[in-house]
1. Could you run through the stretch 35-48 and say how many residues are within 30 Å of CYS96 (Cα to Cα) and modelled with pLDDT of 95 or more?
2. Counting residues that are polar (S, T, N, Q), which helices (runs of 4 or more DSSP H) fully inside the stretch 1-53 reach at least 2?
3. Looking at (1) farther than 19 Å from ALA93 by Cα; (2) surrounded by 13 or more Cβ atoms within 10 Å (Cβ to Cβ), can you tell me which one ARG70 breaks?
4. Using the structure shown, decide if ALA66 is touching a Leu at 6+ places or on another chain (Cβ under 8 Å), free of Cβ contacts under 8 Å to residues at least 60 places away in the same chain, of a type in the set (A, V, I, L, M) and within 21 Å of CYS96 (Cα to Cα).
5. All but one of (1) loosely packed, with under 12 Cβ neighbours inside 10 Å; (2) among the charged types (D, E, K, R); (3) part of a helix (DSSP H, G or I) hold for LYS81; state the number of the condition that does not hold.
Amino acid sequence: MRGLFADEVLDAIKLHVDAKRYLCATRPDYYASLSADSKRSLLLQGGIFTDEDAARFIAQPGSVGAVSLRLWDDLAKDANKATPPLAHFLARAQRCALVAA
């Protein structure tokens with residue numbers, strides 16, 4: 001994917017798991033909102049960040065985008081919301097691409 005998308009886009013994806021660990025550390029209501037499966041995977045992914053880990057995470061490039069991506073991803077889990085067609089997502093991906101496809 002390097003060369004197709006900017007580092008800003010790829011870093012947000014790369015840091016997706018750590019964004020969950022960060023959100024659990026900084027927003028107690030976030031942890032409470034996780035499903036049992038997501039809480040179980042959180043443990044396998046290293047658990048909730050300490051305050052120091054959270055500070056290190058949010059200071060690195062791409063972390064703010066990763067937190068936004070994580071929150072958007074959570075919104076997509078609502079089974080009552082309509083899913084746009086594939087063309088919608090392909091158009092978004094093309095707008096993020098470094099070169100026109």
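1. Keep residues of the stretch 35-48 that are within 30 Å of CYS96 (Cα to Cα), which gives 38, 41-42, 45.
Of the ones still in play, those that are also modelled with pLDDT of 95 or more are 41-42, 45.
Total satisfying the criteria: 3.
2. Values: elements: 7-14, 16-26, 28-33, 36-44.
In the stretch 1-53, 36-44 are the helices (runs of 4 or more DSSP H) which contain 2 or more residues that are polar (S, T, N, Q).
3. Failed condition: (1).
4. Values: touching a Leu at 6+ places or on another chain (Cβ under 8 Å): yes; free of Cβ contacts under 8 Å to residues at least 60 places away in the same chain: yes; of a type in the set (A, V, I, L, M): yes; within 21 Å of CYS96 (Cα to Cα): yes.
So ALA66 passes the test.
5. Unmet for LYS81, out of (1) loosely packed, with under 12 Cβ neighbours inside 10 Å; (2) among the charged types (D, E, K, R); (3) part of a helix (DSSP H, G or I): (3).
The rows are residues; the columns are (1) surrounded by fewer than 16 Cβ atoms within 10 Å (Cβ to Cβ); (2) on the phi > 0 side of the Ramachandran plot; (3) free of Cβ contacts under 8 Å to residues at least 12 places away in the same chain.
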| site | (1), (2), (3) |
| --- | --- |
| GLY3 | yes, yes, no |
| ALA6 | yes, no, no |
| ILE13 | yes, no, no |
| LYS20 | no, no, no |
| ASP29 | yes, no, yes |
| ALA32 | yes, no, yes |
| SER35 | yes, no, yes |
| SER41 | yes, no, yes |
| GLY46 | yes, yes, no |
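Residue-by-condition table, conditions (1) small (Gly, Ala, Ser); (2) at pLDDT below 90:
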{"residue": "CYS24", "(1), (2)": "no, no"}
{"residue": "SER68", "(1), (2)": "yes, no"}
{"residue": "LEU71", "(1), (2)": "no, no"}
{"residue": "ALA97", "(1), (2)": "yes, yes"}
{"residue": "ALA101", "(1), (2)": "yes, yes"}
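The values are calculated or read from the model by the stated rules, or taken from the named source; none is laboratory data. Just so it is clear, the structure is predicted and the values come from calculations on it, not from any experiment. Positions of Cβ are backbone-derived with ideal geometry, glycine not excepted, and every protein chain shown enters the neighbour counts.
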